[in-house]
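The values are calculated or read from the model by the stated rules, or taken from the named source; none is laboratory data. Only a predicted model underlies this, so the values are computations on that prediction, with no experimental measurement involved. We place every Cβ from the backbone using ideal geometry, glycine too, and count neighbours over all the protein chains shown.
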Amino acid sequence: MYFNESVLITPAAFVGGVGQVQQMQERLLGWNVPPEHSDLVHPHWRGFLAPGKYWHISLALVYFMLMIMSVVGNGCVVWIFTTSKSLRTASNMFIVNLALFDLLMMLEMPMFIANSFVERMIGWQLGCDIYAALGSISGIGSAINNAAIAFDRYRTISCPIDGRLNGKQAAVIVAFTWFWSMPFSILPIGNIWGRYVPEGFLTTCSFDFLTEDQDTKVFVAAIFAWSYAIPISLIVYFYSQLIGSVRRHEKMLRDQAKKMNVKSLVSNQDKDRSTEMRIAKVAFTIFFLFLCSWTPYAIVAMTGAFGNREALTPFSTMLPALFAKTVSCIDPWIYAINHPRYRLELQKRCQWMGIHEPEPTHDTVSATTEKLKTEDA
């Protein structure tokens, strides 16, 4: 057996007949990276066999379908929520912002498809930086935007009269989500702190979590806290406060009804509150999907920096990236399924979707939507 850092040649089995020679050749990851760009490929990946072309083509087809889903779904969210008067509310600014982050994630997909057909990163370091920066901005931005949605739901439901965010406040928070996503997305581009490198099949890029030095370990710990731990903690806090507020309100209504010897004290405001809770459940569902999609990636990064990196194979690192892309495409369809006003607008504008949503009565209209007349005045 002959072995070097780029090619593994298995000795042929010289059997079966005179003059019949069978030679089998298998390549290691990084076989098609020229020496001048060899620093892009961490030595960890060079120890694995390169996946067959069918793996690359299969993933390219999956990403193509996800790209179509994202363009249609998130495009409809941005289009309808920004052009429909009944949906142009302060709260829905966060929904549009989430769709924009998801569309930014979608911009990686054409690059990945092209990379898959050549089985390497097109553009070398520049292509890697662009690909990884798009994923970083969209991933970190989605995380903190989910925290903003949780904060908005908490304020809207816990303090329905004076706790709602107005348009200016929502715009400031939206701008803050983009600011939050920038530091750890820009610093690796200039190698100021951290750097972007290929991973998995070497057709995707992310921040370096494999280099064994103190600077890399501190960077990985910092980005883990900034992009994952802090947003998740905020989300858990706001939703737990929301649930506590709802429970206290319901207990107060039950106690008051018992004192007045009536069955229920549900008012129109409480019905609006119930509608807002349904919207909050949709937001919580999207947060849960975000948690499921980015937790595996966080585990991979922390394992690479602080754990047993031998457990990280090209396949095990490609799957978390695929989960993250998939959830960014599912988000808008969650709203399409669960948001009555959004479904109604889809029914009017996209009849080819076959949606049949009954006209909502006053009691089923979101309290946020009903505030439009006040906000637009």
Quick check on Thr177: is it hydroxyl-bearing (Ser, Thr, Tyr) and over 15 Å from the mean Cα position of the chain (by Cα)? no
Does Ala170 meet the test of being hydrophobic (A, V, I, L, M, F, W, C), touching a residue at least 40 places away in the same chain (Cβ under 8 Å) and more than 29 Å from Glu310 (Cα to Cα)? yes
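Just checking, which of Val71, Val18, Val77 is β-branched (Val, Ile, Thr), modelled with pLDDT under 90 and within 31 Å of the chain's Cα centre (by Cα)?
Val77
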Checked against (1) buried (at least 18 other Cβ atoms within 10 Å of the Cβ); (2) more than 20 Å from Thr285 (Cα to Cα), Ala150 satisfies every condition except (2)
From Phe238, Phe207, grab the single residue that is at pLDDT below 90 and of a type in the set (Phe, Trp, Tyr). Phe238
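Give Ala336, Ala301 a once-over and let me know the one that is assigned to a helix (DSSP H, G or I), among the small types (Gly, Ala, Ser) and modelled with pLDDT of 80 or more.
Being assigned to a helix (DSSP H, G or I), among the small types (Gly, Ala, Ser) and modelled with pLDDT of 80 or more holds for just one of Ala336, Ala301, which is Ala301.
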Checking the condition over 24 Å from Trp180 (Cβ atoms), buried (at least 18 other Cβ atoms within 10 Å of the Cβ) and in contact (Cβ under 8 Å) with a residue 60 or more places away in the chain, which residue from Asn115, Asn74, Asn92 passes? Asn115
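Let me confirm something: among Arg273, Arg254, which residue is in a helix (DSSP H, G or I), surrounded by 14 or more Cβ atoms within 10 Å (Cβ to Cβ) and either modelled with pLDDT under 85 or touching a strand residue (DSSP E or B) at 6+ places or on another chain (Cβ under 6 Å) (or both)? Step through it out loud before you land on a result.
On the way: Arg254 fails: surrounded by 14 or more Cβ atoms within 10 Å (Cβ to Cβ).
Testing whether each residue is in a helix (DSSP H, G or I), surrounded by 14 or more Cβ atoms within 10 Å (Cβ to Cβ) and either modelled with pLDDT under 85 or touching a strand residue (DSSP E or B) at 6+ places or on another chain (Cβ under 6 Å) (or both) leaves just Arg273.
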Within region 187-236, restricting to residues that are assigned to a loop (DSSP other than H, G, I, E, B) and among the hydroxyl-bearing types (Ser, Thr, Tyr), the one that is nearest to the chain's Cα centre (by Cα) is Thr203
Please specify each residue of region 131-166 satisfying the condition of being in contact with a Leu (Cβ under 9 Å, 6 or more places away or on another chain) and without any contact (Cβ under 8 Å) to a residue 24 or more places away in the chain. Arg155
